Amino acid sequence: MKLLDIYAKLKKDIHYIEKELERSIDVDHPMLREASLHLLKAGGKRIRPVFVLLGAKFGTYDLERVKHVAVPLELIHMASLVHDDVIDDADTRRGQLTVRSKWDNRIAMYTGDYIFAKALNIVTKLPDPTIHQIMSKALVEMSLGEMEQIRFFFNSEQTIREYLLRIKRKTALLLAISCQLGAIAVGAPSSISRKLYSFGYNAGMTFQIRDDLLDICGTEKEIGKPPGSDIKQGNITLPVLFALQNPQLRPRLLSELAVIQAADGQTDTSAFIDMIRRSEGIARAEELASKYIDKAIAALEPLPDIQAKKDLISIAHFIGNRSY
């Protein structure tokens, strides 16, 4: 089944969540409201709310309960994007001006803080402390991931393990708890919510690796930003780390990397990107992404054979092969 077919089946519930997202960030302050709505209207795949909705299908489905998880998780994701764009000096995201570009860094930071606060406020409407603990712990881990990314900027000596821990914290964890909390919110057994967490984690790892590959192999039209944005910011991703392991290629890559760092990202990265594209780093990163998707699908194997399980498998295949 195609991804659009899955979204079409969930259209009514996704639309409801979309309206709840809009309502959740409504505020009397005109600039804060405008900046928040600008971010919301930029769109996105809404993969986190979709994972929440599908995870909830494994229990007694109740959209009025599920929204108190789906909305906060998407708000957390949105807030993290605003802060990311400040750190990265990003002018565009998904082909649209970022909040920091349209306003400034101060407005962007306060907008992100406001959206984070709204997320925490909404989830308190569910009295289950387990949900609060899982979400708050994830926020702590996400913050650590962001700090680690900054710490490793332009660090060509970092290990694959350090990279994988970073993307777990930055990306995979939020997708993992989206699946997990959707199930917990509707009273699904813990044996099911744990398997859903494993699915979301492994799918999330692939999601980020595919993002890293797209930043090198994609076009600006496909990814909504110029290719090579990661390396300009100093973010050394998996294909680059694999390419750096080639002793013949490493000296040339390090030389180009030094030029990019010295220019503070204000230089042409096409030679560097071309070397990565022609290296084995691309194939090795794709191979690891495929392994994570296989693990994600395997995690679903013991779960009841309901439509949501088939939909999650279809989404996993999309994540594993996505080109945007």
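Below, the figures for the structure above:
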{"read-out": "Some residue of segment 127-141 being without any contact (Cβ under 8 Å) to a residue 24 or more places away in the chain, charged (D, E, K, R) and under 30 Å from Phe242 (Cα atoms)", "value": "no"}
{"read-out": "Residue identified as within 30 Å of Pro304 (Cα to Cα), open to solvent by less than 10 Å² (accessible area, probe 1.4 Å) and either of a type in the set (Lys, Arg) or at pLDDT below 95 (or both) among Leu181, Leu126", "value": "Leu126"}
{"read-out": "Any hit, segment 58-81, residues being under 18 Å from the mean Cα position of the chain (by Cα) and open to solvent by 40 Å² or more (accessible area, probe 1.4 Å)", "value": "no"}
{"read-out": "Residues located in segment 209-232, provided they are in a loop (DSSP other than H, G, I, E, B), open to solvent by 20 Å² or more (accessible area, probe 1.4 Å) and under 16 Å from Leu257 (Cα atoms)", "value": "Pro227"}
{"read-out": "Test: residue in segment 275-285 that is open to solvent by less than 10 Å² (accessible area, probe 1.4 Å), part of a helix (DSSP H, G or I), farther than 26 Å from His77 by Cα and β-branched (Val, Ile, Thr)", "value": "yes"}
{"read-out": "Residue identified as out of contact with any Leu (no Cβ under 8 Å at 6 or more places or on another chain) and among the acidic types (Asp, Glu) among Glu74, Glu64", "value": "Glu64"}
{"read-out": "Among the residues listed as Ile192, Ile167, Ile115, the single one being closer than 24 Å to Asp13 by Cβ, of a type outside the set (D, E, K, R), open to solvent by less than 70 Å² (accessible area, probe 1.4 Å) and under 20 Å from the mean Cα position of the chain (by Cα)", "value": "Ile115"}
{"read-out": "Of all residues in segment 14-45 being in a helix (DSSP H, G or I) and touching a Phe, Trp or Tyr at 6+ places or on another chain (Cβ under 9 Å), the one that is most open to solvent (accessible area, probe 1.4 Å)", "value": "Glu34"}
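Here is a yes/no grid of residues against (1) farther than 20 Å from Ala138 by Cβ; (2) modelled with pLDDT of 85 or more; (3) in contact with a Pro (Cβ under 9 Å, 6 or more places away or on another chain); (4) polar (S, T, N, Q):
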{"site": "Glu20", "(1), (2), (3), (4)": "yes, yes, no, no"}
{"site": "Arg23", "(1), (2), (3), (4)": "yes, yes, no, no"}
{"site": "Glu34", "(1), (2), (3), (4)": "yes, no, no, no"}
{"site": "Asp62", "(1), (2), (3), (4)": "yes, yes, no, no"}
{"site": "Ala70", "(1), (2), (3), (4)": "no, yes, yes, no"}
{"site": "Leu73", "(1), (2), (3), (4)": "no, yes, yes, no"}
{"site": "Asp85", "(1), (2), (3), (4)": "yes, no, no, no"}
{"site": "Lys118", "(1), (2), (3), (4)": "no, yes, yes, no"}
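Here's the yes/no breakdown for (1) within 16 Å of the chain's Cα centre (by Cα); (2) among the β-branched types (Val, Ile, Thr):
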| residue | (1), (2) |
| --- | --- |
| Asn202 | yes, no |
| Ile216 | no, yes |
| Ile236 | no, yes |
| Pro239 | no, no |
| Leu257 | no, no |
| Asp264 | no, no |
| Ser279 | no, no |
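The values are calculated or read from the model by the stated rules, or taken from the named source; none is laboratory data. What you are looking at is a predicted structure, and each value in this text was computed from that prediction instead of being measured. Cβ atoms come from the backbone with ideal geometry, glycine included; neighbour counts cover every protein chain shown. These accessible areas exclude ligands, DNA and RNA; they are computed on the full protein's heavy atoms, side chains included. Shrake-Rupley method; radii C 1.70, N 1.55, O 1.52, S 1.80 Å.
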